[in-house]
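Q: Below: one structure in structure tokens.
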Amino acid sequence: MGTVKVEVVCRKRDPCLQEVERRIREWSASQSLPAANPARMEVERQTTLDSAVEKAREVVSADPWSSVLIVPLGFDDAELDPCDELDEDARIEVMCFRRAFDALPPSASLLEHPHNIAQDSTLVNTLEKSILRLHFRQQGIVIREIRDRELDQYFRLRYEIYRPLGYIPPELDAADACWELHWSDRWSLPLGVFTRSGELVGCARLVSEYGLLNNYSDVIERMVGEKRDPVLGRCWRLPPQPTYPFDLLTPFDGFQRFYRNLVRQQVCKAEVSRVMRLPQWRGQRLGEVIVDSLVSEAARRQIHLLFLACREEHQGFYACSGFTTIPGMRCDRFGTFPVPAVAMQRWLADPPADW
């Protein structure tokens, strides 16, 4: 059984910092990791940052299934610089605390990321995000861009998950190929979620209108031809009239106006879509990690704004990754389902001054 050890390093005898440490201990006593992970959580105090780092290295060296979250309290950025060099197979995480700091929302991204920074109001959420990241790294989960040879597996996974849910319209059900494909995949960046053994268990994509993200179109074109499935060919065929590639957002009355404003303001933008994982991973918050990873990939590509459409009941899920509802953009259907839906957004850069 592995361990997720939380090491608190409190530099000063500051009542405010001691209160933060107390809250961390209360949180750890009342929380548990996702059910599929048998690891236990421990919190202990270290006297110095050096001793915390040394102890963390001892823990991960002695047990390949253990991870450490170091929480320094009362240290400035220069003093924490050496922590940037911690690697240990990504099993040591550092979570900073600032009383007043305009920090980015905490993230459980498995891609490139800075240290999570907590404030009083985000302490628990930041702890959970950091532990989530360590949990999935313990499990050997990797999130990365889909490779050409994995496209068949990727579209089959989408079909396997979407078809039982009824998300594929009958006229677009490519049952012979067992693919869920949309013509907007020409302009999409697909990410895959892989286990240690290489199994694809989840995915998501970023969709751009003008092909800024995609290197797969020619490969998909060839594969569609090889499948010889007429329905698949219909899914891949471009519509006769120019339209937006965001299939779930076009029914929203305010979307055209919203999108025109983005174009006029020259905002670099993309849609988050096809976020999914196999049913056996339900309840482990893997979907949240997928969205956080997609957000960090979008930030790396200097995308300024992400938007999406979802069922109204799922807006809390995307809110966990920093998305907020777009005022006035609600709809009475989601795809083929007559259920309330909302549009959401997350800015990754400062919005235009007159936005």
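Q: Do the conditions hold for Ala270, that is, is it under 28 Å from Ser130 (Cβ atoms) and touching a helix residue (DSSP H, G or I) at 6+ places or on another chain (Cβ under 9 Å)?
A: Working: under 28 Å from Ser130 (Cβ atoms): yes; touching a helix residue (DSSP H, G or I) at 6+ places or on another chain (Cβ under 9 Å): yes.
Yes; evaluated as a whole, the condition is true for this residue.
Q: Of all residues being free of Cβ contacts under 8 Å to residues at least 40 places away in the same chain and of a type in the set (Lys, Arg) in the stretch 42-59, which is farthest from Ser30 (Cα to Cα)? Just the residue, please.
A: Arg57
Q: Do we find that Pro106 is touching a helix residue (DSSP H, G or I) at 6+ places or on another chain (Cβ under 9 Å), assigned to a loop (DSSP other than H, G, I, E, B) and surrounded by fewer than 19 Cβ atoms within 10 Å (Cβ to Cβ) in this structure?
A: Spelling it out, it is not the case that Pro106 is touching a helix residue (DSSP H, G or I) at 6+ places or on another chain (Cβ under 9 Å), assigned to a loop (DSSP other than H, G, I, E, B) and surrounded by fewer than 19 Cβ atoms within 10 Å (Cβ to Cβ).
Q: Given the criterion under 29 Å from Gln139 (Cβ atoms) and either buried (at least 18 other Cβ atoms within 10 Å of the Cβ) or β-branched (Val, Ile, Thr) (or both), identify the matching residue among Val193, Val219. Working first, answer last.
A: Values: Val219 fails: under 29 Å from Gln139 (Cβ atoms).
So the residue among Val193, Val219 that is under 29 Å from Gln139 (Cβ atoms) and either buried (at least 18 other Cβ atoms within 10 Å of the Cβ) or β-branched (Val, Ile, Thr) (or both) is Val193.
Q: Anything in the stretch 196-216 that is within 14 Å of Leu151 (Cα to Cα), buried (at least 21 other Cβ atoms within 10 Å of the Cβ) and aliphatic (A, V, I, L, M)? List them, or say none.
A: Listed by number, the list holds a single entry, Ala204.
Q: Starting from residues that are in contact (Cβ under 8 Å) with a residue 60 or more places away in the chain and under 13 Å from Val219 (Cβ atoms), keep the ones in the stretch 147-166 and report whichever is surrounded by the most Cβ atoms within 10 Å (Cβ to Cβ).
A: Looking at the filtered set, the residue picked out is Leu151.
Q: Let me ask something additional. Quick check: anything in the stretch 112-124 buried (at least 17 other Cβ atoms within 10 Å of the Cβ), within 15 Å of the chain's Cα centre (by Cα) and within 27 Å of Gln31 (Cα to Cα)?
A: There is at least one residue in the stretch 112-124 that is buried (at least 17 other Cβ atoms within 10 Å of the Cβ), within 15 Å of the chain's Cα centre (by Cα) and within 27 Å of Gln31 (Cα to Cα).
Q: Next up: So Leu308 ticks every box in (1) modelled with pLDDT of 95 or more; (2) closer than 15 Å to Ala108 by Cβ but one. Which box is left unticked?
A: (2)
The values are calculated or read from the model by the stated rules, or taken from the named source; none is laboratory data. This structure is a prediction, so every number in the text was calculated from the model and none was measured. When we count neighbours, we look across all protein chains shown, and the Cβ atoms used for this are built from the backbone with ideal geometry, even at glycine.
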